[in-house]
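Following: one structure in structure tokens, then a few remarks.
The values are calculated or read from the model by the stated rules, or taken from the named source; none is laboratory data. A quick note: this is a predicted structure, and the numbers were derived from the prediction, not measured. Here the Cβ positions follow ideal geometry from the backbone for every residue, glycine too, while neighbour counts run over all protein chains shown. Ligands, DNA and RNA are excluded from the accessible area calculation, which covers all protein heavy atoms including side chains. Shrake-Rupley method; radii C 1.70, N 1.55, O 1.52, S 1.80 Å.
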Amino acid sequence: MIVNFDTDDSVAISPISRLHGELRLPGDKSISHRAAMIASLAHGKSTLSNFSSAQDCAATLECLRALGVRINTNGSTVTIHGGGPSGFVSPSQTLDARNSGTTMRLLAGMLAGQPFSTIVTGDDSLRSRPMLRVAEPLRLMGAEVELESNGCAPLRISGRQPLRAIHYQLPIASAQIKSAVLLAALTADGITTVEEPVQTRDHTERILREFGMEIETNVNAISIRGGVELVPRELSIPGDISSAAFFIAAAISLPGSDVFVRDVGLNPTRTAFLSKLRTIGADIVASDERLEGGEPVGSLRVRGLPLSDARKLEISGAEVSALIDELPLLGFLSAALGWEMELRDASELRVKESDRIAATVQNLARMGAHIEERDDGWQIKAGNKLHGATLSSFNDHRIAMSCAVAALSANGPSRIERARATVGVSLPEFWSLLGSLSE
């Protein structure tokens with residue numbers, strides 16, 4: 001076995017020569033969050049199949065239940081009995097978003113238009129993440145949103161009905177803030193417009209359209225009218241492309257690998273990772289492309305080719321927001337392949353589930369990479385092959401899985417501390433799926 005578990009939640013990884021096999025991943029985490037919330041705002045029964053198995057999405061469902069939404073689960077199928085935008089009840093307890101920034105920020109948008117007060121909290125990591133960025137537009141719409149003195153959770157939200165429609169320019173590119181404002185706008189008294197500095201993932205807009213909402217778009221501006229009744233739907237959620245990225249990167253790092261990922265989301269706001277890798281020679285071929293539930297879906301075949309030529313990844317500016325979830329993975333992959341990589345303008349990585357710049361730099365340095373930390377990124381120089389080492393997940397699911405990718409092609413075994421359960425935030429099946437491709 002390439003994966004072995006220690007008693008202290010650490011994971012031991014043995015290097016291998018290649019990966020081979022087929023994967024079908026649980027539903028996309030970003031889409032599952034949004035589909036559940038929007039279904040709860042519709043009148044009637046919605047069925048969401050292939051719902052994400054992520055702990056983050058379980059947190060969303062529990063918060064919705066606490067708000068009085070009737071939810072049934074049967075395996076990966078979730079049935080939601082929505083009561084409309086006025087169907088929520090004042091919760092008897094504080095809502096716990098656990099580790100999920102998406103849950104906290106999008107719920108804030110929904111709760112801003114409710115005629116009661118709510119407190120939303122999370123774990124230590126989530127309570128250290130910036131929330132003023134979502135509180136500010138909701139305050140402009142008329143909701144009262146109180147934060148801790150450091151601008152972080154818990155959020156204390158006193159809603160207003162109806163909210164004021166606003167025209168809001170996002171100060172940073174953030175799909176979560178955009179989505180929070182759009183969800184609040186459903187109970188506003190006119191047309192709300194959100195302008196983005198660059199386009200971010202558009203799942204909220206696509207799902208709202210599927211549930212009957214008319215949305216106008218003009219370049220990076222999105223407008224919706226409040227007071228429109230949403231209709232229930234049956235949706236099949238595509239496999240999570242952000243989870244697929246780790247297996248794609250692993251296959252690329254191991255010449256001779258051949259991995260087929262079936263029925264995964266190919267939304268163009270989420271596939272910059274694939275485009276970036278193709279430009280430097282990675283063999284990634286899409287097939288069976290189609291539209292399901294408003295989302296592009298298809299399958300991917302990834303083959304590991306010998307990439308002996310010197311390559312260099314340079315990422316900065318507008319590219320950063322499109323690659324934000326995959327930036328640490330690209331760092332680990334670049335170092336594993338002996339590529340150079342220069343990352344700039346990515347200071348947002350420091351306020352994720354961990355400081356992902358520091359976590360990437362420290363782990364790769366332990367593996368022998370020539371890497372220099374910068375305030376807004378890192379510089380990796382072409383160097384020798386990575387060696388096995390004791391690594392840390394920093395209690396961050398994406399760092400844990402990125403470490404595993406680099407460890408597969410390193411010289412000698414590696415040990416990733418606090419990694420076995422950490423991946424459950426987004427993909428509890430990660431270790432078993434990785435093992436299945438090595439057999």
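In order along region 42-53, the phi-based Karplus estimate (6.51 cos²θ - 1.76 cosθ + 1.60, θ = phi - 60°) of 3J(HN,Hα) comes to 7, 8, x, 8, 10, 10, 10, 9, 6, 5, 4, 8 Hz; Gly and Pro are listed as x. With all protein chains kept in place, the per residue accessible area of region 35-177 amounts to 37 square angstrom at a probe of 1.4 angstrom. With a ≥ b ≥ c taken as the square roots of the eigenvalues of the C-alpha gyration tensor of the chain, please select rounded if a/c is under 1.5 and otherwise prolate if a/b is larger than b/c or oblate if it is not? Taking the square roots of the gyration eigenvalues as a ≥ b ≥ c, the chain is prolate. Under 10 Å, Cα contacts only: if you run a Gaussian network model on the chain, which one of S257, S17, S158 comes out with the highest mean-square fluctuation? Comparing S257, S17, S158 in the GNM, the peak value goes to S17. Packing, taken as the mean count of other beta carbons within 10 Å per residue, orders the peptides 419-431, 283-295 from highest to lowest as 419-431, 283-295. All other residues whose Cβ lies under 11 angstrom from that of F394 are scored, Lys and Arg at +1 and Asp and Glu at -1, for a net of 0.
Take the Cα of K45, step 7 Å toward its Cβ, do the same at E144, and the gap between the two points is 4.0 nm. Output the 0 to 90 degree angle, nearest 10, between the alpha-carbon long axis of helix 327-337 and the longest principal axis computed from the alpha carbons of the chain. Between helix and principal axis, roughly 10 degrees.
Of all DSSP beta bridges confined to region 291-439, the antiparallel ones make up roughly 55%. Spin-label model, I215 to E195: label points 7 Å out along the Cα-to-beta-carbon direction sit 1.9 nm apart. Placing a pseudo-label 7 Å from each Cα along the Cα-to-Cβ vector at D6 and T279 gives an inter-label distance of 3.9 nm.
Listed values for region 2-11 are Karplus-derived 3J(HN,Hα) couplings in whole Hz (6.51 cos²θ - 1.76 cosθ + 1.60, θ = phi - 60°), namely 7, 10, 10, 9, 8, 6, 9, 6, 8, 10, and x replaces Gly and Pro. Between V297, V228, V181, the GNM of the chain built on Cα springs shorter than 10 angstrom shows V228 fluctuating the most. Quick check: the angle from helix 397-408's long axis to the longest principal axis of the chain, C-alpha only, nearest 10 degrees? On a 0 to 90 degree scale, this one is about 20.
Here the chain carries DSSP beta bridges of which approximately 70% are antiparallel, counting only pairs with both residues inside. Which shape class, rounded, prolate or oblate, goes with region 368-425 when its Cα gyration tensor gives a ≥ b ≥ c as root eigenvalues, a/c under 1.5 marks rounded, and past that a/b bigger than b/c marks prolate? Oblate. Note that region 228-239 has calculated 3J(HN,Hα) couplings of 8, 7, 7, 10, x, 9, 10, 10, 9, 8, x, x Hz, one per residue in order, obtained from phi through the Karplus relation 6.51 cos²θ - 1.76 cosθ + 1.60 (θ = phi - 60°); glycine and proline are x.
Taking 0.36 nm per residue of separation and subtracting the current Cα-Cα distance, fully stretching the chain between S90 and N384 would add 100.0 nm.
How many lysine pairs are close in the chain, with Cα atoms under 18 Å apart and the two 8 or more places apart or on different chains? The result is 6. With a/c under 1.5 counting as rounded, go ahead and sort region 149-241 into rounded, prolate or oblate using the C-alpha gyration tensor (a ≥ b ≥ c being the square roots of the eigenvalues; past the cut-off, prolate if a/b is larger than b/c, else oblate). Rounded, because the longest to shortest axis ratio a/c is under 1.5. Full extension of the chain segment joining E373 with R127 gains 86.0 nm, where the gain is 0.36 nm per residue of separation less the Cα-Cα distance.
A Gaussian network model of the chain, with springs between Cα atoms under 10 Å, assigns the largest mean-square fluctuation among A184, A318, A108 to A318. With respect to the chain, whose longest principal axis is taken over its alpha-carbon atoms, helix 356-366 is tilted by about 10°. Of all DSSP bridge pairs formed entirely within region 1-146, close to 90 percent run antiparallel.
Dipole check for region 282-439: with +1 at the C-beta of Lys and Arg, -1 at the C-beta of Asp and Glu, and the Cα centre as origin, the magnitude is about 640 Debye.
Under a 5 Å amide H cut-off, with hydrogens placed 1.01 Å from N, L235 pairs with T47, L48, S49 among residues at least 5 apart or on other chains.
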